[in-house]
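The values are calculated or read from the model by the stated rules, or taken from the named source; none is laboratory data. Source: prediction; values computed, not measured. Quick reminder, even Gly has a Cβ in these numbers, built from the backbone with ideal geometry, and neighbours come from all protein chains shown. Areas reflect the complete protein model, heavy atoms only, side chains present, ligands, DNA and RNA absent. Shrake-Rupley method; radii C 1.70, N 1.55, O 1.52, S 1.80 Å.
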Amino acid sequence: MPAGIETDPQRVKQIVKNLLSNAFKFTKQGSVSLDLYRPDRKTDLSRSGLDPAEAIAIRVADTGIGMTAEQQKVIFEAFQQADGSTSRQYGGTGLGLSISRELSIKLGGQIDVASEPSQG
């Protein structure tokens, strides 16, 4: 890992806080973790154009409720939640992930999701 990176620290902090907030919100029992690492060379970073050998990945993982593949398609849309509605069963506005994805794009990065129901 490099000693530092050139970016907008306030925006990166906002993204990480949004991701952690969601992880804690949807994890009643179990764990939430935050990892910083170099992505595997096979990682698809084509949307950002980053080279995995030069990139730094930030991963927020949890053991929460998880999502289906269909839910994963819409969670980055404004006002959506994991249950696919705007009912706010879990609170919040449904804007955190949408804002985080847009900020990551503006910073030259990308956000991806990997989840399965009941597995975070």
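Within the stretch 1-22, can you find the residues that are small (Gly, Ala, Ser) and in contact (Cβ under 8 Å) with a residue 60 or more places away in the chain? Listed by number, the list holds a single entry, SER21. Selection of the stretch 33-47 for residues being over 16 Å from ILE15 (Cα atoms) and of a type outside the set (Phe, Trp, Tyr) yields ARG38, PRO39, ASP40, ARG41, LYS42, THR43, ASP44, LEU45, SER46, ARG47. Residues that are open to solvent by less than 60 Å² (accessible area, probe 1.4 Å) and either at pLDDT 90 or above or assigned to a loop (DSSP other than H, G, I, E, B) (or both) within the stretch 68-82 comprise THR68, ILE75, PHE76, ALA78, GLN80, GLN81, ALA82, listed in sequence order.
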